[in-house]
Amino acid sequence: MRYFLLSLTLVFSAISCAKSLNQYQIIGSHNSYKKALPPEAEQFLAGTSPELLKKISYSHPSLQEQLNLGIRQIEIDVVNDPNGHQYDTPEIETLSNSNWFTKSERQVLAEPGFKVLHIPHVDVMTHCSTLQLCARQLLEWSEANPNHFPITVLLNAKESQPTFVNKAAPVAFSFSDYKRLDNEIARLFGSKLITPDRVRGSYHTLRAAIAETGWPSVEALRGKFLFLFDANEEQKQIYLQQGSTLQKKSMFLSVPRNSDAAAIFIRNDPVKNQQEIQALVKDGFLVRTRADADLSATTESLREQKDAAFASGAQFISSDFYNQSPQSTNRSYSVSFENDCLKRFNAVTHQNLINKR
């Protein structure tokens, strides 16, 4: 009997110690797919838009290399190319009479689909030129590392380009386009996708599920992916049509905290939004913020924003300076937790649990 009770004690202890997704902080990368600008693009921008050149002169290793470093939050930008041939001949490439792609790469870019790039016709060099190719790289790594910590994918839908670009503007996303995007994410990731429906469970709203049950444990989510749509207000209104609690959607959405779909929030300025982020985290929500946003900022300013991001309790902290990134190496400045780790237990949620006992 004594051994039985001891076994029960150990079981309940293990359950109580199981960490939910919101009880961690992880360092992520910003515009994770991005390669360096071609020399011709740098030269063009130096004469046309030097300020833009300063903002986009950074790059990242491949998605799989980032995951091997310990990155567990990435960011992907997609543009809508329903008819194809809108992004296979970038304007600056044509103007500079250069050749940026192999024949096979250009063939892929010529096909209809969701293309992955930073700025149409300007900053277009990526480690995976389509959503499908990015997914393939992520899934191949996941299959090789099946017990990995859940990976969060921040997704932006790009609908603009610089005024100096003369080619046709990106096609705006309609409700049917978002439905196609949702369907493609669901098709590509299948059972590895953590959907809003899965987190909501039997509750009527996502907000109620978070308030009453909280996030699933990391153990239950290992080997899986969660998508967060980083949308502007107009995009949110379109995406939420026919689904105010994200029913049958593939992506979570940052909405007002009193919304039925409230679960994950984007608050990119941890200095300005420090108290709000902490309050959201203490209420069980997930928050994404940024440890840096200005590549030309002083090291002191970078550290101030990083320290604010860490102290805020935000679970996802995006950076261009994560340890061993090209920017970190070039500047001898890095964003990481103790012992160069890119993941740690969340001090804000830990303290909140202690206070509730």
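The values are calculated or read from the model by the stated rules, or taken from the named source; none is laboratory data. Just so it is clear, the structure is predicted and the values come from calculations on it, not from any experiment. Quick reminder, even Gly has a Cβ in these numbers, built from the backbone with ideal geometry, and neighbours come from all protein chains shown. Surface accessibility is based on the protein's heavy atoms, side chains included, excluding ligands, DNA and RNA. Shrake-Rupley method; radii C 1.70, N 1.55, O 1.52, S 1.80 Å.
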task = Give the number of residues within the stretch 160-196 that are farther than 17 Å from residue 241 by Cβ and acidic (Asp, Glu).
result = 1
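One line per residue, one yes/no per condition, for (1) crowded, with 18+ Cβ neighbours inside 10 Å; (2) part of a strand (DSSP E or B); (3) touching a residue at least 60 places away in the same chain (Cβ under 8 Å):
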residue	(1), (2), (3)
139	no, no, no
176	no, no, no
190	no, no, no
210	yes, no, yes
228	yes, yes, yes
key: Among (1) in contact with a Gly (Cβ under 9 Å, 6 or more places away or on another chain); (2) in contact (Cβ under 8 Å) with a residue 40 or more places away in the chain, the one test that residue 84 misses   = (2)
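Here is a list: 248, 167. Which entry is in contact with a helix residue (DSSP H, G or I) (Cβ under 7 Å, 6 or more places away or on another chain), on the phi > 0 side of the Ramachandran plot and open to solvent by 50 Å² or more (accessible area, probe 1.4 Å)?
On inspection, the qualifying residue turns out to be 248.
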message = Of the residues 88, 77, only one is part of a loop (DSSP other than H, G, I, E, B) and either modelled with pLDDT under 95 or among the charged types (D, E, K, R) (or both); which?
response = 88
Enumeration of residues in the stretch 296-323 that are modelled with pLDDT under 95 and within 19 Å of the chain's Cα centre (by Cα) = 323
query = Out of all the residues in the stretch 292-321, which are of a type outside the set (Gly, Ala, Ser), out of contact with any strand residue (DSSP E or B) (no Cβ under 6 Å at 6 or more places or on another chain) and surrounded by 14 or more Cβ atoms within 10 Å (Cβ to Cβ)?
reply = 295, 302, 303, 304, 305, 310, 320
request  = Tell me which of these residue 61 doesn't satisfy, since it passes every other one: (1) surrounded by fewer than 20 Cβ atoms within 10 Å (Cβ to Cβ); (2) in contact with a helix residue (DSSP H, G or I) (Cβ under 6 Å, 6 or more places away or on another chain).
outcome  = (2)
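Listed here are the residues, each with its yes/no results for (1) assigned to a strand (DSSP E or B); (2) of a type in the set (Ser, Thr, Tyr); (3) at positive phi; (4) buried (at least 16 other Cβ atoms within 10 Å of the Cβ).
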{"residue": "128", "(1), (2), (3), (4)": "no, no, no, yes"}
{"residue": "136", "(1), (2), (3), (4)": "no, no, no, no"}
{"residue": "142", "(1), (2), (3), (4)": "no, yes, no, yes"}
{"residue": "154", "(1), (2), (3), (4)": "yes, no, no, yes"}
{"residue": "163", "(1), (2), (3), (4)": "no, yes, no, no"}
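Would you point out the residue of the stretch 102-126, among those that are basic (Lys, Arg) and open to solvent by 10 Å² or more (accessible area, probe 1.4 Å), that is nearest to residue 29 (Cα to Cα)? Please lay out each step first, then the result.
Going residue by residue through the stretch 102-126, those that are basic (Lys, Arg) are 103, 106, 115.
Applying the additional criterion that residues be open to solvent by 10 Å² or more (accessible area, probe 1.4 Å) yields 103, 106.
On the way: 103: 29, 106: 27 Å.
Looking at residues that are basic (Lys, Arg) and open to solvent by 10 Å² or more (accessible area, probe 1.4 Å), I get 106.
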request  = Being on the phi < 0 side of the Ramachandran plot and open to solvent by 10 Å² or more (accessible area, probe 1.4 Å) is the filter; apply it to the stretch 64-74 and report the residue that is nearest to the chain's Cα centre (by Cα).
outcome  = 72
ask   = Is the stretch 91-101 home to any residue that is open to solvent by 60 Å² or more (accessible area, probe 1.4 Å), within 30 Å of residue 328 (Cα to Cα) and at pLDDT 95 or above?
value = yes
remark   = All conditions in (1) surrounded by 16 or more Cβ atoms within 10 Å (Cβ to Cβ); (2) in contact with a Gly (Cβ under 8 Å, 6 or more places away or on another chain) are true of residue 259 except (2)
ask   = Looking at residue 213, is it touching a Phe, Trp or Tyr at 6+ places or on another chain (Cβ under 9 Å) and over 28 Å from residue 139 (Cβ atoms)?
value = yes
inquiry  = If I ask for residues that are farther than 27 Å from residue 208 by Cβ, surrounded by fewer than 18 Cβ atoms within 10 Å (Cβ to Cβ) and among the aliphatic types (A, V, I, L, M), which ones from the stretch 266-291 would you list?
reply    = 271
key: Members of the stretch 192-206 found to be part of a helix (DSSP H, G or I) and open to solvent by 30 Å² or more (accessible area, probe 1.4 Å), listed by number   = 192, 197, 198
